[in-house]
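Colleague: I have a structure I would like to understand better, so I am pasting it below and will then ask my questions one at a time.
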Amino acid sequence: MTHRAKWLTISVIIYAVFVVCAVGFKLLDPAKIGLSWTVFWYVAAAGLMYYFYFKNMAYREVIYYARQLHLTKADLEALVPNRKSTAEVPDPEHPSLLTPLIQVPLSVTNRLTDTLEKRAEKEHIAPFK
């Protein structure tokens, strides 16, 4: 199973659990909160699950390329010098099971991915899947 399939499956399962709980416990009953709020919460939950999927994929991609290129956290920090003081970079030696949702912003992972993909291509490293 590829990383993409794994995180997509996890995101869909979490969303399905949300829907089952919402329906089972009648948390989002349109008769109680209105149809517009019911639709809003289902769409918002779907959006959060997409963000969860996308964020984890970006994080795992950086970890994959950093490990293949034998880079440390300090090396990754040097690749994105102009980041906010609160923005961290992933640590390839000690990756989290789930991406840190706030500490590692997408702007950092996107910049790292662009740089690391180019380096990996030059060194003939297999693309992230």
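A short reminder: the numbers here are calculations on the coordinates, not readings from a lab. Nothing here was measured: the structure is a model prediction, and the numbers come from that model. Quick reminder, even Gly has a Cβ in these numbers, built from the backbone with ideal geometry, and neighbours come from all protein chains shown.
Colleague: Using a Förster radius of 35 Å, what is the FRET efficiency between residue 13 and residue 74 based on their Cβ-Cβ separation? Nearest 0.05, please.
Modeller: Approximately 0.45, to the nearest 0.05.
Colleague: Of 127, 7, 69, whose Cα points farthest to the positive end of the dipole of the chain (charges on the beta-carbon: +1 Lys, Arg; -1 Asp, Glu; origin at the Cα centre)?
Modeller: 7
Colleague: Next question. What does the extension gain come out to for residue 106 and residue 33, with contour length at 0.36 nm per residue minus their alpha carbon separation?
Modeller: 22.9 nm
Colleague: Taking the Cα atoms of region 46-112, what is the range of coordinates along each of the three principal axes, in descending order and whole Å?
Modeller: Ordered largest first, region 46-112 gives principal extents of 35, 25, 17 Å.
Colleague: Could you grab the relative contact order for region 7-129? Cα pairs under 8 Å, six or more apart, rounded to a whole percent. Don't skip to the end; give the middle numbers.
Modeller: Numbers: 103 pairs, mean separation 29.8, N = 123.
So the answer I get is 24 percent.
Colleague: So, with +1 on the Cβ of K and R and -1 on the Cβ of D and E, and no other charges, what is the size of the charge dipole of the chain about its Cα centre, to the nearest 20 debye?
Modeller: 240 debye
Colleague: Please compute the volume of the convex hull spanned by the alpha-carbon atoms of the chain and report it per residue in Å³.
Modeller: 123 Å³
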